[in-house]
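The values are calculated or read from the model by the stated rules, or taken from the named source; none is laboratory data. Values in this document were obtained by computation on a predicted structure and should not be read as measured data. Here the Cβ positions follow ideal geometry from the backbone for every residue, glycine too, while neighbour counts run over all protein chains shown. In case anyone asks, the SASA skips ligands and DNA or RNA and just uses the protein heavy atoms, side chains included. Shrake-Rupley method; radii C 1.70, N 1.55, O 1.52, S 1.80 Å.
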Amino acid sequence: MSEANSTPMRLDGKIAVITGGNSGIGLATAHRFVKEGAYVFICGRRESELELALNQIGKNVTGVQCDVSNLTDLDRLYDMVKQSGPIDVLFANAGIWEFLPLGNITEAHFDKIFSVNVKGLLFTVQKALPLFRDGGSIILNSSIGGDRGIECLSCN
Ligand SMILES: NC(=O)c1ccc[n+]([C@@H]2O[C@H](COP(=O)([O-])OP(=O)(O)OC[C@H]3O[C@@H](n4cnc5c(N)ncnc54)[C@H](OP(=O)(O)O)[C@@H]3O)[C@@H](O)[C@H]2O)c1
């Protein structure tokens, strides 16, 4: 028997939500989760990237165009998710990184970063809580930038 046939799929029958699942780390995770047997909901703002991601993954995936900083969008995402059943895994991965050196930070820049990386993250999790299966997992994607300063070579 081949290894693929003998190894149980670790997410068989599970429902997962991945924000920022239309590219990068989120898309790679969506691929892996589906391979492991999960049904996955992915969201992102760019519809073209969402379509590409859905075509690449091919099965057991639903795409929802959604900006995590917009609470109405999050409600629409979770309205779709709850039709399929309780959430087993939430990967709150959507985020942006745009650096400015201290001294050049504008209010608009601050609001943009915090609306996605802080407000968006918090409400992504909070709005999912009533839909969670007991024992489910919430995974937050972050950055080493939260622990240490990073030289910003492209800031000047
Ligand atoms: N790669 C790294 O070295 C690194 C380092 C530190 C932290 N991170 C964090 O890891 C996460 C994934 O990064 P990545 O490298 O995979 O980058 P990426 O390819 O740019 O992925 C970011 C994802 O988040 C989505 N997104 C951004 N803003 C969103 C919003 N307001 N609402 C919904 N979706 C949104 C993007 O899709 P749309 O643009 O279509 O919305 C995209 O799918 C991010 O949170 C990033 O900040 C990455």
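Just a few scattered comments:
- Evaluating Gly26 against the criteria (1) touching a strand residue (DSSP E or B) at 6+ places or on another chain (Cβ under 6 Å); (2) open to solvent by 10 Å² or more (accessible area, probe 1.4 Å); (3) among the small types (Gly, Ala, Ser) leaves one unmet condition, (2).
The rows are residues; the columns are (1) among the basic types (Lys, Arg); (2) closer than 27 Å to Asp134 by Cβ; (3) open to solvent by 70 Å² or more (accessible area, probe 1.4 Å); (4) in contact with an Asp or Glu (Cβ under 6 Å, 6 or more places away or on another chain).
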{"site": "Ile42", "(1), (2), (3), (4)": "no, yes, no, no"}
{"site": "Ala53", "(1), (2), (3), (4)": "no, no, no, no"}
{"site": "Cys66", "(1), (2), (3), (4)": "no, yes, no, yes"}
{"site": "Lys82", "(1), (2), (3), (4)": "yes, yes, yes, no"}
{"site": "Gly85", "(1), (2), (3), (4)": "no, yes, no, no"}
{"site": "Asp88", "(1), (2), (3), (4)": "no, yes, no, no"}
{"site": "Ala92", "(1), (2), (3), (4)": "no, yes, no, no"}
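- Test result for Ala38, open to solvent by less than 20 Å² (accessible area, probe 1.4 Å) and away from the ligand (no atom under 12 Å from the Cβ): yes
- Qualifying position, being touching a Cys at 6+ places or on another chain (Cβ under 7 Å) and more than 28 Å from Cys152 (Cβ to Cβ), among Leu129, Leu52, Leu77, Leu71: Leu77
- Being over 30 Å from Gly37 (Cβ atoms), open to solvent by less than 30 Å² (accessible area, probe 1.4 Å) and not in a loop (DSSP other than H, G, I, E, B) is a condition met by at least one residue of the stretch 116-133.
- Restricting Arg76, Arg46, Arg10, Arg32 to those that are closer than 27 Å to Leu122 by Cα, in contact (Cβ under 8 Å) with a residue 24 or more places away in the chain and open to solvent by 70 Å² or more (accessible area, probe 1.4 Å) reduces the list to Arg46.
- Residue count for the stretch 134-156 under the criterion of being outside any loop (DSSP other than H, G, I, E, B), free of Cβ contacts under 8 Å to residues at least 40 places away in the same chain and of a type in the set (Gly, Ala, Ser): the result is 2.
- Scope the stretch 134-144; condition small (Gly, Ala, Ser) and open to solvent by 40 Å² or more (accessible area, probe 1.4 Å); matching residues: Gly135, Ser137, Ser142, Ser143
- Only one of Ser48, Ser69 that is within 9 Å of the ligand (Cβ to nearest atom) and either under 13 Å from the mean Cα position of the chain (by Cα) or β-branched (Val, Ile, Thr) (or both): Ser69
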